[in-house]
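Below is one structure, written out as structure tokens; comments come after it.
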Amino acid sequence: MRAILFATIYLSALSFIDFTNDTRIVIIGAGAAGIAAASRLYKNGFTNIKILEASNRIGGRIHSVQLGEHFIDLGAEWCHGENLVYEMVKNLQMLTDDASSSLVYHSRLKRMDVEFLPKLYKIYDFGFKGNHSKDKNLAWESKEELALVEECLDLLQRHVETVFAVFSWLKLAHKSDLKPTEGNNYLGWNGLGYKTILEILMGDAPVQDSIFLNKRVGRIYLTPRKARVKCTDGSSHIADHVIWTPSLGVLKRHYSTLFRPKLSKRKIRSIQSLGYDAIAKIFLHFPHKWWNADFGGAEFVWNKEDLQNSAHEFPEGPKLGNLSWTTRILSIFPNQKNPNVLSAWYSGELVPEIEKLTDDTIIDGLMHILPQFLADEYPNITRPDRILRKSWYADPHFYGTYSFESVESQKLGESQAAVLSEPIVTKTGKSILLFAGEATSQFYFSTVHGAIETGFREADRIINLYK
């Protein structure tokens, strides 16, 4: 009888305990996924939350920097369609059309014939491996036109390598789980910066007070009952649940030393097989605006001979055989709300070396190629007086920009993003180590809305344990 009475009293007492206040949650990373997870947890009554951020700022791969009266985004820049981010801000009238209207310029022909371009774009229909030169439907009218198409394939390659942030388009999976979104895929923040979404996420919740900067995690120890997160500054943090949100790049570099016990072979295989490289985005401020109001941007096609002589013509900086790094530029185009600013995008395997170049070398390279392509229409191109950029690949908190599905991950027959998202569960069924971040999103990897969605997903996983 005493045992029954004690059990009844004990269970009755438990019903009055608010487990949400006692549950210790450590979130690693104060990027979009980490802040989303914290905001969701706070709104559901969890208050014992710490966010450990390795760097000296919040935001992760959202990095808005003030330039004049407005902001530019060194990282994530656009809201891609009518997605989760769009739904959060659509009534605030913040997002505006920022789609580029770039024209294509050739190193010898200058602006390309607008009647030729629609035919050129048919190349996209034949995929990366398609033999366009033998397809009768394209009906190229001359050897010269066909040679021009061959030169334009280099532009196509730079397009693909920029969109997917991959060092070589040969690494990309031939099929993708990435789901398209309805609406405008290039919605800009009208000078407010992508940081705006972080401010909206945090709202009235005390998320900011829970963030501890300069807390780089060295190791996570897991036991059946709790986790211990040890930082490189010597501090330790006990948790009932840990949500890991840093980049796939960090996981690739440190998965073997970060976790004790070590991750399963299945989890390691997902980390190793998913792709994660980088692109280089450089903002250029000009003291005098040399382009007119009609300039929507420029993309660059190189004559084959000019391409092969490029390293000789501009020997400074890295090269691929005879190809100068300057030829790896995809485009240059205006920036919202910053009338004297253009942004230049570079892609491909030279990106890590481009990041190491001095500002002067970057500017010298641009001043070498811009007149070559644009001088006929813009004879008074001036030298930029300032550049802003972020070396994402070199930064040990990121080691790149965003993930992609690779040939290797596709070979495994199931979504490796889904595998990466699976939590580490104790024998008692407790999700003790959870994984969030864009690389863990099966359908929206590489995007901010994908990252936020995964933060919500893992917060909900914890919330549901205590219902």
Worksheet entry | Listing of helices (runs of 4 or more DSSP H) fully contained in the stretch 219-322 that carry 2 or more residues being surrounded by 18 or more Cβ atoms within 10 Å (Cβ to Cβ) | 248-258, 265-273, 310-313
Discussion item. Out of everything in the stretch 355-382 that is in contact (Cβ under 8 Å) with a residue 60 or more places away in the chain and open to solvent by 50 Å² or more (accessible area, probe 1.4 Å), what residue ends up being nearest to Lys281 (Cα to Cα)?
Written reply: Gln372
Worksheet entry | In the stretch 42-101, the residues that are open to solvent by 40 Å² or more (accessible area, probe 1.4 Å), in a strand (DSSP E or B) and β-branched (Val, Ile, Thr) | Thr96
Worksheet, complete the sentence: Exactly one of Val114, Val163 is modelled with pLDDT of 60 or more, among the β-branched types (Val, Ile, Thr), farther than 27 Å from Ala375 by Cβ and open to solvent by 30 Å² or more (accessible area, probe 1.4 Å), and that residue is Val163
Discussion item. Looking only at residues that are among the charged types (D, E, K, R) and closer than 30 Å to Ile72 by Cβ in the stretch 383-434, which one is surrounded by the fewest Cβ atoms within 10 Å (Cβ to Cβ)?
Written reply: Asp385
Practice prompt. Go through Glu77, Glu69 for me and flag whichever is out of contact with any Cys (no Cβ under 6 Å at 6 or more places or on another chain), acidic (Asp, Glu) and at pLDDT below 95.
Written response: Glu69
Discussion item. I need a count of the residues in the stretch 166-213 that are open to solvent by less than 70 Å² (accessible area, probe 1.4 Å), part of a helix (DSSP H, G or I) and more than 30 Å from Leu412 (Cα to Cα).
Written reply: 8
Practice prompt. Within the stretch 441-467, track down each residue that is of a type outside the set (A, V, I, L, M, F, W, C) and either free of Cβ contacts under 8 Å to residues at least 24 places away in the same chain or over 21 Å from Glu87 (Cα atoms) (or both).
Written response: Gly450, Arg461, Asn464, Tyr466, Lys467
Item to complete: Could you list, in sequence order, all residues of the stretch 371-382 that are closer than 29 Å to Gly75 by Cβ and touching a strand residue (DSSP E or B) at 6+ places or on another chain (Cβ under 9 Å)?
Response: Phe373, Leu374
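The values are calculated or read from the model by the stated rules, or taken from the named source; none is laboratory data. Please read all numbers here as calculations on a predicted model, not as lab measurements. Positions of Cβ are backbone-derived with ideal geometry, glycine not excepted, and every protein chain shown enters the neighbour counts. Only protein heavy atoms, including side chains, enter the accessible area calculation; ligands, DNA and RNA are left aside. Shrake-Rupley method; radii C 1.70, N 1.55, O 1.52, S 1.80 Å.
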